[in-house]
Amino acid sequence: MAKVNKVTLPEDIFSDSWKPVNKDDVTEKSDDEERQRKFLLLDMFKLPNMRKKTIILAYVWIANTLVYYGLSFSTSSLGGDDFINCFIAGAVEIPAYAMGIFIPDWRVLGRRGSLIVTMVIGGIACIAASFVPPCGDYIWIGVTVTMISKFCITCSFGIVYVYTAELFPTPVRSMAVGISSMFARIGGIIAPQLLLMATLWENLPALVFGVSAIVAGLLIIPLPETRGKQLPETIEEGERFGKIVGNGRPKSGQIYKVEDAGIEDVRMNAI
């Protein structure tokens, strides 16, 4: 046919470069390029949904560590024997971490629900403990309520690691956990300083710890549940994961560019 039409065919016409382009191959190639790309901290803040999750979890980690170390450092102010209080505060962490293994898999709670419940209950118990006088027959009431708060916060401490890792896409997953853990150190630094507020009012540190935990638990509500869900593998999927529109459903069928996150690709977000 080429001879009849007096057309000279290129020598490499039968090479791979002349094969028809497959849409799936293009998608796989772009996914491979994304996996090979080195992501930075700024990539977690460039897209709105990713930025929201990053900021919320940063505060959750700070509040969690703040309350955890605040309760740990304040065992000597509970009244009674300091050594017994310290022993109970340490022993209560064993069942707390054990429960943190099982309740995130409960269908009723899941990862998000269990984190909300433990943070809110821990905060309420912390506030309640601040109004129990550390003397007389009220000592063990105060110790018990404080240990309930320590139990819940310790349990949430184990859950937040799993939830953070599942919430972010594969390219930034390890970085997200590392950055969140870095923010948690801020809470550990502030906790001993907040205990000094007891010189102004002895109930003030516990109130600050309790309010911080409750606010952190409530901030988790708009975040998506990750139990039984397919984890996001790309920045695009991470941005779409848990994204809500006006009718309360995740966005679908919308075209958007993810070049701002450093990925030179445009795809259809069909679910």
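The values are calculated or read from the model by the stated rules, or taken from the named source; none is laboratory data. Keep in mind that what you see is a predicted model, and the values were worked out from it rather than measured. Using ideal geometry, Cβ is built from the backbone for each residue, glycine included, and neighbour counts are taken over all protein chains shown. Heads up: the accessible areas ignore ligands, DNA and RNA and are worked out on the full protein's heavy atoms, side chains in. Shrake-Rupley method; radii C 1.70, N 1.55, O 1.52, S 1.80 Å.
A few points about this structure:
- When a 1.4 Å probe is rolled over the protein heavy atoms, the share of accessible surface on the range 129-197 that falls to carbon and sulfur comes to 76 percent.
- Zone of PHE87's modelled label, taken as backbone nitrogen in the range 151-193 under 20 Å from a point 7 Å along Cα→Cβ: 151
- Computed accessible area, ASP82, all protein chains, 1.4 angstrom probe, square angstrom: 70 Å²
- Between VAL211 and ILE186, the simple spin-label model (points 7 angstrom out along Cα→Cβ) gives 1.8 nm.
- Computed accessible area, PHE73, all protein chains, 1.4 angstrom probe, square angstrom: 100 Å²
- Cα-Cα over 19 Å, subset of LYS53/LYS243; LYS150/LYS229; LYS38/LYS243; LYS46/LYS229: LYS150/LYS229; LYS38/LYS243; LYS46/LYS229
- Take the range 67-139 with all the other protein chains still there, run a 1.4 Å probe, and you get 54 Å² of accessible area per residue.
- Ordering ILE56, ILE94, ILE84, ILE235 by accessible surface, largest first, gives ILE94, ILE84, ILE56, ILE235; the 1.4 Å probe counts only protein heavy atoms, with every chain in place.
- Accessible-area ranking of LEU207, LEU223, LEU200, largest first, probe 1.4 Å: LEU200, LEU207, LEU223
- Unit charges at the beta carbon, dipole of the range 54-185: most positive-side option, PHE83, TRP61, SER72: TRP61
- Net charge over other residues, Cβ less than 12 angstrom from the Cβ of LEU219 (K, R count +1; D, E count -1): +3
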